[in-house]
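Each remark here refers to the structure printed beneath this line.
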Amino acid sequence: LFGLATKTIGRSFHYYDSVESTQTIAHKAAREGAPEGTVIIAGEQTGGKGRMSRPWHSSKQKGIWMSMIVRPKLPPERAPQFTLITAIACARAIEEVTGLEPHIKWPNDILYKGKKLTGILTELQGEADKVNFLIIGIGMNVNQTKDDFPEEVKERATSLEIESGNSVSKTKVVQNILKYFEKYYNLYMEKGFAPLKIMWESYAAGIGKPIIARTLNGEISGIALGITDEGILKVEDQDGNIHHIYSADIEFPS
Ligand code: BTN
């Protein structure tokens, strides 16, 4: 990738015009031994995957559809923190290239004025005590106009072009995502999650506000308190009980 300012992330780089999903390609590459920092990017995905088995609409050439392979020497329970680290890197890259100030909605959405700009999907391949590899998928809406989004997401999605009023260079954004991801990943491996937690909270949407967290075990309503040192969301319900939420869909009731 031209103009890349990283040591490992993106040094091995594969571009495809059209694939079903960059996640699937990255999984296969990682199983076959692709090195740390390998990046797979596609112009279009015909079967893009979102969280919770949802489809991810990846219209031709309009967004950044990419997956990164990392091989951190860590126990598997640390994997969810990579979603948060990636979200900070994406938010930082958006700020740097467009001047927009996005927010992060726990765990994996980057929003602008409440609408979704970016989603992140972290998939783990590991054993009981160690991560073999992580595939971090990033889907960022860059140059879509409103009509490029399918009807069912039109009201909830937005793009860098819609919000900044200009067409945005995908190359520049990718270079910045990789630069900041490498920086924050190194910081995390050196100092742990604490410094990242502070950064994450500076971007966070809805801390201190009412939220509804829909988990596989039901719904929890309360006030979002922030995240723990492990990156787990804390919610206080109306009886003052504090819930630790590992995985959920979040709604901010209006
Ligand atoms: C979400 O918000 O649900 C996560 C969306 C992740 C989408 C990206 S696009 C690149 C990579 N390949 C996929 O099939 N999904 C991720």
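Any read-out appearing in this document is the output of simple, stated calculations on the displayed coordinates, not a laboratory observation. Not measured: the values here are computed from a predicted model. Don't worry about glycine lacking a Cβ; one is built from the backbone with ideal geometry, like all the others, and counts go over all protein chains shown.
List, largest first, the extents of the alpha carbons of region 210-251 along their principal axes, each in whole Å.
Extents along the principal axes: 23, 22, 16 Å.
If I model a spin label as a point 7 Å beyond the Cα along the Cα-Cβ vector, how far apart are those points for Thr46 and Met189 in nm?
In this crude spin-label approximation the distance works out to 3.7 nm.
Count the net charge of all other residues whose Cβ sits under 13 Å from the Cβ of Ala26, scoring Lys and Arg as +1 and Asp and Glu as -1.
Working: positive: Lys28, Arg31, Lys49, Arg71; negative: Glu20, Glu32, Glu36, Glu123.
Residues close to Ala26 contribute a combined charge of 0.
Once you order the gyration tensor axes a ≥ b ≥ c over the Cα atoms, which shape class does region 147-235 get: rounded for a/c under 1.5, otherwise prolate or oblate by comparing a/b with b/c?
On the way: a/c = 2.44, a/b = 1.11, b/c = 2.20.
Oblate, since a/c reaches 1.5 and b/c is not below a/b.
Which of the peptides 220-226, 164-170, 62-68, 107-113 is most tightly packed, and how do the rest follow, judged by the mean count of other Cβ atoms within 10 Å per residue?
On the way: 220-226: 17.3, 164-170: 14.0, 62-68: 25.3, 107-113: 20.7.
The peptides rank, most packed first, as 62-68, 107-113, 220-226, 164-170.
Describe numerically, in nm with one decimal, the distance between label points set 7 Å from Cα along Cα→Cβ at Glu201 and at Phe2.
The answer from the label model is 4.3 nm.
Under 11 Å from a point placed 7 Å out from the Cα of Asp229 along the Cα-to-Cβ direction: which residues of region 124-159 have their backbone N that close?
Under cut-off, by backbone N: nothing.
Which value, in debye to the nearest 20, describes the size of the charge dipole of region 13-203 about its Cα centre when Lys and Arg Cβ atoms bear +1, Asp and Glu Cβ atoms bear -1, and nothing else is charged? Could you put the intermediate results ahead of the total?
On the way: 25 positive and 23 negative charges, 42 e Å.
That gives a dipole near 200 debye.
Using 0.36 nm times the number of residues separating Lys28 and Asp249, minus their current alpha carbon distance, what extension gain do you get? Numbers along the way, then the final one.
Details: separation 221, 0.36 × 221 = 79.56 nm, distance 2.85 nm.
Here the answer is 76.7 nm.
Could you name the lysines whose alpha carbon sits less than 23 Å from that of Lys183, not counting residues in the same chain fewer than 8 places away?
Result set, ordered by chain and number: Lys7, Lys73, Lys105, Lys130, Lys170, Lys172, Lys191, Lys197.
How many nm separate the modelled label positions at Ile212 and Ser169, each set 7 Å beyond the Cα in the direction of the Cβ?
4.4
For the residues His27, His244, what sequence is obtained by ranking on other C-beta atoms within 10 Å, fewest first?
Details: His27 19, His244 11.
In order of increasing Cβ crowding within 10 Å: His244, His27.
Classify region 13-203 from the C-alpha gyration tensor, please: rounded if a/c falls under 1.5, else prolate or oblate depending on whether a/b exceeds b/c.
Values: a/c = 1.74, a/b = 1.27, b/c = 1.37.
Here region 13-203 falls in the oblate category.
Return Phe2, Phe252 ranked ascending by Cβ neighbour count within 10 Å, so the fewest neighbours appear first.
Values: Phe2 5, Phe252 14.
So the ranking, lowest neighbour count to highest, is Phe2, Phe252.
Which helices, taking whole DSSP H runs in the chain, have alpha carbons extending 30 angstrom or more along the helix axis plus mean Kyte-Doolittle at least -1.0? Walk me through the numbers before you get to the answer.
On the way: long enough: 170-191 (31 Å, -0.80).
Helices meeting the criterion: 170-191.
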